[in-house]
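Read the structure below first, then the notes.
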């Protein structure tokens with residue numbers, strides 16, 4: 001189903017969807033739609049504009065961070081664990097710069113994420129330090145800088161909420177969801193259609209072979225961390241725009257939520273396998289699931305357990321599928 | 001010997017890795033107190049068989065009995081029944097000799113005390129001819145042969161009735177080999193230990209074993225008393241046909257033009273010092289030497305893979321010394337790795353993607369990969385290497401070893417190199433695919449005047465594929481001769497003993 005496999009006819013129209021490499025992504029996409037339709041039919045007032053908007057607000061912030069993170073995972077460096085602190089710092093920057101207008105504040109936040117991503121990318125990609133340790137250390141460093149910058153206080157936006165915070169293009173479809181869609185489409189094209197994307201995916205499939213093939217591996221690793229930093233910062237800015245506040249609690253769950261969305265969608269932890277649309281599907285799946293629990297008045301702890309369980313099931317399925325392939 | 005009930009009996013063992021069938025229904029019986037040789041070419045399935053017997057690899061099918069018990073497959077076998085001395089030494093250099101022997105022993109309790117075992121380990125070390133080695137000596141102080149003997153001692157200390165040795169002599173000198181063999185003979189006669197030995201050296205098989213089993217392409221070919229076999233019969237069983245002698249393919253080296261490759265003062269201190277070397281366009285040169293001879297490192301250094309290499313390399317008269325793999329590719333030097341699965345191909349990526357992976361710039365415009373260009377180039381490469389273009393969307397892991405190697409070659413040839421470097425060009429490739437690969441390599445030399453340099457430990461390959469053979473011994477070139485001037489014996493002599501004046 002990927003770009004390169006379209007180059008020759010597949011044996012049947014649907015066989016690609018259920019090939020071992022794609023079956024998890026397909027199942028999640030179907031399950032998301034089925035779950036949503038079931039909830040619409042069985043839960044009163046489920047399919048209202050305000051409930052759908054709340055699903056999309058949750059999905060957009062986590063999803064944008066997860067898309068950035070996926071570029072790190074697909075390029076073969078497991079996870080970045082600095083997303084939460086980057087998002088928190090970005091939320092503070094966004095509020096501080098809100099005087100510049102929505103676009104100016106957004107660009108300022110993004111610049112912060114790009115710089116921190118670039119630093120981590122250089123440490124991992126050029127200096128070849130351990131990816132996990134580097135991002136944990138970066139997380140602590142960024143959190144410390146953000147706290148020092150804000151004096152540990154919550155910063156509050158002046159003036160009313162902006163179009164980015166609570167505006168909608170259509171009833172039930174907030175602007176934030178449009179941004180999420182654009183991010184997904186651009187990232188999907190980057191990874192599947194561009195030369196850089198091919199190199200990034202091949203690097204994740206087999207780093208040693210990519211190096212020996214003369215691919216620009218350092219460059220794509222650095223790029224993946226820049227994307228992860230930018231995604232986390234964008235998520236932080238969107239949360240700040242929604243709530244009108246910026247503080248260190250923004251993005252507290254973001255690292256795990258993004259990892260969960262990505263893995264549930266069918267991106268392989270080992271790298272090379274998975275697509276950005278899978279990340280979007282995983283994000284929507286978890287957002288719909290959490291929302292159903294929420295409207296049925298399940299407590300936060302239940303939501304946490306369900307999310308944890310979903311990730312365990314996803315990684316177990318991934319492990320079983322890869323064993324079947326061997 | 002063959003009439004007694006066997007000590008170990010395996011039936012119908014089958015194993016495939018991805019699309020590669022390593023064993024296709026293997027039977028073997030081992031008698032008590034015999035030395036049994038396992039022979040076969042690279043990729044015949046010997047190592048897989050040993051790993052299955054040891055329980056390190058789960059076969060897809062088959063059964064195994066040792067000393068009358070059915071042994072569950074895929075779980076480590078009781079070391080008192082069977083122990084393996086692996087091809088890669090599993091001696092830990094920073095531990096003492098006694099710790100290395102006791103490693104993984106069953107009688108060691110949660111708290112490891114050496115005291116109770118000292119006498120037993122001492123006795124075992126004496127039995128393998130290591131009387132002179134103190135128990136508390138660090139293993140790093142031992143020679144390679146002594147380490148090999150410590151491994152054997154580990155197996156004996158556990159009381160193994162069957163000892164499997166996977167190429168125990170690959171890294172040893174002749175004198176050391178004799179020492180190891182003497183120990184094995186004594187174990188057989190005094191302890192009635194059954195010993196299985198894998199070796200590529202036929203003279204060792206004839207000197208040591210009672211019986212021989214030959215494998216080819218994962219199948220059992222024959223089992224016979226060693227005394228009833230001739231060297232020719234054994235080789236014929238291993239390769240499946242008569243050894244071709246005297247059939248030398250014509251060289252396509254272009255003469256009267258500037259050399260394609262010229263090396264000046266090319267050396268890697270401590271590894272190799274190659275004398276000034278010059279190779280013509282269209283010439284196919286084999287670099288031959290044992291592990292540690294530097295021949296393989298010389299090949300890698302030509303691809304910019306050995307930092308610290310000194311000297312200058314010229315291509316067609318222009319200096320183009322590569323300092324890294326990208327520099328080598330840019331200069332027109334391509335390299336094919338010996339480790340296909342780990343570095344040679346992207347096993348989990350489609351065949352088409354693999355074939356174009358080193359020339360992504362050529363199938364892209366403005367940073368965008370053009371699917372039509374990918375398909376066109378991949379199809380062309382697949383056809384030239386006799387890979388079915390219909391399989392391009394499938395992952396490389398679904399191919400047989402031979403076809404995987406063709407993908408590995410194809411993606412290097414895609415670069416259109418002037419100099420193609422091949423490390424073990426057909427390791428783990430079956431005979432049919434081998435001749436296809438050799439024919440393709442010859443065509444590249446003939447039609448495109450490509451220069452090919454390859455390193456191989458497979459003498460048959462060296463003799464079949466090369467126009468010129470350069471032998472190495474301990475970092476120095478021994479002989480540089482046309483293919484017609486050498487044969488298997490002369491090459492073996494060169495790589496085992498070096499130049500005559502060095503031979504002891």
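The values are calculated or read from the model by the stated rules, or taken from the named source; none is laboratory data. No experiment lies behind these values; they were computed from the predicted model shown. Positions of Cβ are backbone-derived with ideal geometry, glycine not excepted, and every protein chain shown enters the neighbour counts.
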Yes/no for residue A:246 being in contact with a helix residue (DSSP H, G or I) (Cβ under 6 Å, 6 or more places away or on another chain), buried (at least 24 other Cβ atoms within 10 Å of the Cβ) and within 11 Å of chain B (Cβ to nearest Cβ)
no
Within the stretch B:406-429, the residues that are surrounded by fewer than 22 Cβ atoms within 10 Å (Cβ to Cβ), touching a strand residue (DSSP E or B) at 6+ places or on another chain (Cβ under 9 Å) and more than 14 Å from every other protein chain (Cβ to nearest Cβ) are B:418, B:428
For the stretch B:65-84, how many residues meet the condition of being surrounded by fewer than 18 Cβ atoms within 10 Å (Cβ to Cβ) and in contact with a strand residue (DSSP E or B) (Cβ under 6 Å, 6 or more places away or on another chain)?
2
I need the full set of residues from the stretch B:117-156 which are free of Cβ contacts under 8 Å to residues at least 12 places away in the same chain, assigned to a helix (DSSP H, G or I) and closer than 26 Å to residue B:192 by Cα, in order please.
B:119, B:123, B:126
Right, residue B:403: away from every other protein chain (no Cβ under 14 Å) and under 22 Å from the mean Cα position of the chain (by Cα) or not?
yes
Residue B:165 fails exactly one of the following numbered conditions: (1) under 30 Å from residue B:239 (Cβ atoms); (2) loosely packed, with under 15 Cβ neighbours inside 10 Å; (3) touching a residue at least 60 places away in the same chain (Cβ under 8 Å). What is the number of that condition?
(2)
Is one or more of the residues making up the stretch B:307-322 over 19 Å from residue B:461 (Cβ atoms), within 14 Å of chain A (Cβ to nearest Cβ) and at pLDDT 95 or above?
yes
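Here's the yes/no breakdown for (1) surrounded by 19 or more Cβ atoms within 10 Å (Cβ to Cβ); (2) without any contact (Cβ under 8 Å) to a residue 60 or more places away in the chain:
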residue	(1), (2)
A:258	yes, no
A:262	yes, no
A:265	yes, no
A:269	no, no
A:279	yes, no
A:283	yes, no
A:287	yes, no
A:302	no, yes
A:316	no, yes
Pick out the one residue from A:286, A:312 that is within 15 Å of the chain's Cα centre (by Cα) and more than 30 Å from residue B:353 (Cβ to Cβ).
A:286
Any residue that is over 30 Å from residue B:374 (Cα atoms), within 12 Å of the chain's Cα centre (by Cα) and away from chain B (no Cβ under 14 Å) - is there at least one of those in the stretch A:215-230?
yes
Those residues of the stretch B:344-357 which are within 7 Å of another protein chain (Cβ to nearest Cβ) and out of contact with any strand residue (DSSP E or B) (no Cβ under 8 Å at 6 or more places or on another chain), in sequence order
B:345, B:346, B:352, B:353, B:357
Exactly one of A:202, A:106, A:164 is touching a helix residue (DSSP H, G or I) at 6+ places or on another chain (Cβ under 7 Å) and within 14 Å of chain B (Cβ to nearest Cβ), and that residue is A:202
Scan (1) more than 20 Å from residue B:341 (Cα to Cα); (2) not in a loop (DSSP other than H, G, I, E, B) for the single condition residue B:402 breaks and write down its number.
(1)
